[in-house]
Amino acid sequence: MSGHAQKVDLAPGLYFLATPIGNARDITLRVLDILASAEVLAAEDTRRLRQLMDIHGVSLAGRHIVPYHDHNGPAARPKLLDALAAGKSVAYASDAGSPIVADPGHVLAREAIAAGYPVYAAPGPVAAVAALTVAGLPSDRFTFAGFPPQAKGARTRFLDDLKDIVGTLILYESPNRVAETLGLAAGIFGGDRPAVLARELTKKFEEVRRGTLDELQESCLADPPRGEIVLLIGKGSHEVSPELVEAALVEAMTRLRLKDAAREVAERFSVSRRDLYQRGLELQGES
Ligand code: SAM
């Protein structure tokens, strides 16, 4: 076998494989080993998986790839579950990124688990996490909400349901709707909320736009973004109560020097380090 893949002895079970979200080299050696070794291969898009295997020199070695996607789940699942019942290793890859994350795989996992078969993850790229990594928004708490519904009314209700969530909100959105979604979000969360649009990550036209919801909407109207998009909405300042911040500062000061305590709490809540330092001095004076 050429390339980096090694044939390995795989325990029977269902393996969910993460695949690249753009750059074909964002694949783990373990995923390549599993692709080379699984007795049964299944994919959301069989051609795409074959291409990926070709790129990395993994041969099919006589195996077929079973199609398993949103439209054939009920018909295709029994085949995969039968293979698991026969003690085989079954590997599944979705189109891109991690299966199950805004992609097929959940029902298959659920049924495999219910039937008592082992389920394994071969983790790797997830667009939501790649976007969070480059966004520069708080990452101590984040909520992945997937794709908002297409219909405008349902999308508004969907965003409204998310308005009390604390932390960074991560959405997947189509380029055709992103400007409108930013406008709806501005109406619900406030136009001055920090937001980030990350598109085509790991690909040739990778781009990250940062601003407020209002600014990003304007930017998308003036220069419509193309390709695959992750939208991130940062914390609103009203989400963090001063009491909560002060309690965190008091606690951090029991462990750290004031300078470091102020830095830690400022990063955690995205508030001013200087203000915290001043408040810390006052608290020290009071005690
Ligand atoms: N399973 C994938 C994952 O782990 O992220 C997500 C699949 S979902 C059907 C496809 C959506 O993910 C795209 O519409 C876009 O919102 C996001 N996405 C996928 N690849 C991306 C990339 N390279 N850059 C930005 N967003 C991406």
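The values are calculated or read from the model by the stated rules, or taken from the named source; none is laboratory data. Just so it is clear, the model here is predicted, and its values are computed rather than measured. Every residue, glycine among them, receives a Cβ derived from its backbone with ideal geometry; neighbour counts consider all protein chains shown. Protein only, heavy atoms only, side chains kept; ligands, DNA and RNA dropped before computing areas. Shrake-Rupley method; radii C 1.70, N 1.55, O 1.52, S 1.80 Å.
Residues 228, 243: which one is among the acidic types (Asp, Glu) and within 30 Å of the chain's Cα centre (by Cα)?
228
Every residue, every condition in (1) more than 27 Å from residue 199 (Cβ to Cβ); (2) in contact with a helix residue (DSSP H, G or I) (Cβ under 6 Å, 6 or more places away or on another chain); (3) open to solvent by 90 Å² or more (accessible area, probe 1.4 Å); (4) among the hydrophobic types (A, V, I, L, M, F, W, C), yes or no:
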{"site": "217", "(1), (2), (3), (4)": "no, yes, no, no"}
{"site": "224", "(1), (2), (3), (4)": "no, no, no, no"}
{"site": "234", "(1), (2), (3), (4)": "no, no, no, no"}
{"site": "241", "(1), (2), (3), (4)": "yes, no, no, no"}
{"site": "252", "(1), (2), (3), (4)": "yes, yes, no, yes"}
{"site": "257", "(1), (2), (3), (4)": "yes, no, yes, no"}
{"site": "270", "(1), (2), (3), (4)": "no, no, no, no"}
{"site": "273", "(1), (2), (3), (4)": "yes, yes, yes, no"}
{"site": "281", "(1), (2), (3), (4)": "yes, no, no, yes"}
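Check whether at least one residue in the range 198-217 is more than 16 Å from the ligand (Cβ to nearest atom), at pLDDT below 95 and not in a helix (DSSP H, G or I), and report yes or no.
Among the residues of the range 198-217, not one is more than 16 Å from the ligand (Cβ to nearest atom), at pLDDT below 95 and not in a helix (DSSP H, G or I), which makes the answer no.
Give the residues of the range 232-287 that are part of a helix (DSSP H, G or I), of a type in the set (S, T, N, Q) and at pLDDT 90 or above, sorted by residue number.
278, 284
Go through the range 259-268 and give me each residue that's in contact with a Phe, Trp or Tyr (Cβ under 8 Å, 6 or more places away or on another chain) and open to solvent by 90 Å² or more (accessible area, probe 1.4 Å).
Result: 259, single match.
Scan the range 146-168 for residues that are open to solvent by less than 40 Å² (accessible area, probe 1.4 Å) and part of a loop (DSSP other than H, G, I, E, B) and report the count.
Final tally of qualifying residues: 3.
Is the range 120-131 home to any residue that is of a type outside the set (Lys, Arg), touching a residue at least 12 places away in the same chain (Cβ under 8 Å), away from the ligand (no atom under 16 Å from the Cβ) and open to solvent by less than 60 Å² (accessible area, probe 1.4 Å)?
No, because not a single residue in the range 120-131 is of a type outside the set (Lys, Arg), touching a residue at least 12 places away in the same chain (Cβ under 8 Å), away from the ligand (no atom under 16 Å from the Cβ) and open to solvent by less than 60 Å² (accessible area, probe 1.4 Å).
Could you pull out the residue among 115, 75, 61 that is touching a helix residue (DSSP H, G or I) at 6+ places or on another chain (Cβ under 7 Å), more than 30 Å from residue 173 (Cβ to Cβ) and open to solvent by 30 Å² or more (accessible area, probe 1.4 Å)?
When all the criteria are applied, what remains is 115.
Select from the range 180-197 the residues that are within 16 Å of the ligand (Cβ to nearest atom) and either in contact (Cβ under 8 Å) with a residue 60 or more places away in the chain or under 21 Å from the mean Cα position of the chain (by Cα) (or both) and list them in ascending order.
181, 182, 185, 195, 196, 197
Residues to consider are 49, 14, 10; find the one that is over 22 Å from residue 203 (Cβ atoms) and surrounded by 21 or more Cβ atoms within 10 Å (Cβ to Cβ).
Matching residue, one of 49, 14, 10: 14.
One residue is enough: does the range 227-248 have a residue meeting the conditions free of Cβ contacts under 8 Å to residues at least 40 places away in the same chain, in contact with a strand residue (DSSP E or B) (Cβ under 7 Å, 6 or more places away or on another chain) and not aromatic (Phe, Trp, Tyr)?
Checking the range 227-248: not a single residue is free of Cβ contacts under 8 Å to residues at least 40 places away in the same chain, in contact with a strand residue (DSSP E or B) (Cβ under 7 Å, 6 or more places away or on another chain) and not aromatic (Phe, Trp, Tyr).
Looking only at the range 132-145, how many residues end up being open to solvent by 30 Å² or more (accessible area, probe 1.4 Å), of a type in the set (A, V, I, L, M) and part of a loop (DSSP other than H, G, I, E, B)?
The qualifying residues number 0.
With the structure loaded, tell me whether residue 189 is touching a Lys or Arg at 6+ places or on another chain (Cβ under 7 Å) and aromatic (Phe, Trp, Tyr) or whether it fails that test.
The answer is yes for residue 189.
For the range 169-204, what are the residues that are open to solvent by 60 Å² or more (accessible area, probe 1.4 Å), more than 20 Å from residue 127 (Cβ to Cβ) and not acidic (Asp, Glu)?
Correct list: 187 only.
Which residue pairs have Cβ atoms under 6 Å apart, sit 6 or more places apart or on different chains, and have a first residue in the range 145-174 that is within 20 Å of residue 133 (Cβ to Cβ) and at pLDDT 95 or above and a second that is part of a loop (DSSP other than H, G, I, E, B) and open to solvent by 50 Å² or more (accessible area, probe 1.4 Å)?
172/147
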